[in-house]
Amino acid sequence: MSILRRDAANLAFVPLVGYGLSLTCFAKGRAVEKVVLARVEASAGRRVFGIGVLALLAFALIWLGISPQPVAFAMRLLVLAIAIAVAFAGWSMYRATTLTLELTEEGLQDSSGHLLAPLHQISAVDRGTFAFKPSNGFLLRLSTSGPRRFLPGLYWQLGRRIGVGGVLRGAETKQMADVIAIHLAERAASEAQD
């Protein structure tokens, strides 16, 4: 399986081969090796369930907004506005969960090429029971703050924290968190030796 990705600056051909294997990228006439340490994608069942629940809620709110009951017009508009917001959230989740997250030697990035966190900026990973994290996921703490970003079902980023999870597969997110934790331990050991 391969992806042909085109953007304004270059044309890249990336064969997807698996965990820990090199990906050859041909960009601007030169080959660049990229090693994927871990990859996480949305679980099909969780994706269908999450989008279905949001679509069902939007449908129920629209039905309540247009039903012939003696309710104030402003209340109907409020219910319809909430229905539109819920439908937009469902559409956003549908679009966001088509992406995958990859941990490379550069850092954590999504399949569209957006770099969420460079590996050298990750200061801690937390996947404990009481951590403020998404379902089936983990929390990353960064050394510098980044922009606010939210892709429902995939990840959110607020300041120095990135929450990865939602409709992602639990085993894959656990593996990615373990790889990041091992990298942090190796970095701490090398800094202690210096």
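The values are calculated or read from the model by the stated rules, or taken from the named source; none is laboratory data. Model, not experiment: these values are computed from the prediction. Quick reminder, even Gly has a Cβ in these numbers, built from the backbone with ideal geometry, and neighbours come from all protein chains shown. Areas reflect the complete protein model, heavy atoms only, side chains present, ligands, DNA and RNA absent. Shrake-Rupley method; radii C 1.70, N 1.55, O 1.52, S 1.80 Å.
How many nm separate the modelled label positions at Phe150 and Ala181, each set 7 Å beyond the Cα in the direction of the Cβ?
The answer from the label model is 2.9 nm.
How much length is gained if the chain between Ser67 and Val35 is pulled fully straight, taking 0.36 nm per residue apart and subtracting their Cα-Cα distance, in nm to one decimal?
Numbers: separation 32, 0.36 × 32 = 11.52 nm, distance 5.56 nm.
Gain on extension, Ser67 to Val35, equals 6.0 nm.
If you line up the Cα atoms of the stretch 36-120 on their principal axes, what length do they span on each, largest first, in Å?
Here the spans come out as 61, 25, 15 Å, largest first.
Given just the C-alpha atoms of the stretch 71-194, how large is their convex hull per residue in cubic angstrom? All intermediate terms of the calculation are to be shown ahead of the outcome.
Working: hull volume 15.8 nm³, N = 124.
So the per-residue hull volume is 127 Å³.
In the stretch 79-194, what percent of the accessible surface is made up of carbon and sulfur (1.4 Å probe, ligands and nucleic acids excluded)? All intermediate terms of the calculation are to be shown ahead of the outcome.
Details: 3500 of 6010 Å².
Here carbon and sulfur together make up 58 percent of the probe-accessible area.
For the stretch 127-189, what does the relative contact order come out to in percent, with C-alpha contacts under 8 Å and a separation of six or more? Don't skip to the answer; put the middle values down first.
Values: 100 pairs, mean separation 19.0, N = 63.
Worked out over the stretch 127-189, it gives 30 percent.
How much accessible area per residue does the stretch 94-194 have, counting only protein heavy atoms and a probe of 1.4 Å, in square angstrom? Mind dumping the intermediate values first?
Values: 5170 Å² over 101 residues.
Ligands and nucleic acids excluded, the result is 51 Å² per residue.
Would you mind giving the three semi-axes, in whole Å and largest first, of the ellipsoid equivalent to the stretch 79-131 according to its Cα gyration tensor?
Numbers: eigenvalues 184, 56, 15 Å².
Rounded to whole Å, the semi-axes are 30, 17, 9.
Which FRET efficiency, nearest 0.05, do Val53 and Phe132 yield, Cβ-Cβ r, R0 22 Å? Intermediate values should be presented prior to the final figure.
Details: r = 22 Å, r/R0 = 1.01.
Step by step, r from the Cβ atoms, then E = 0.50.
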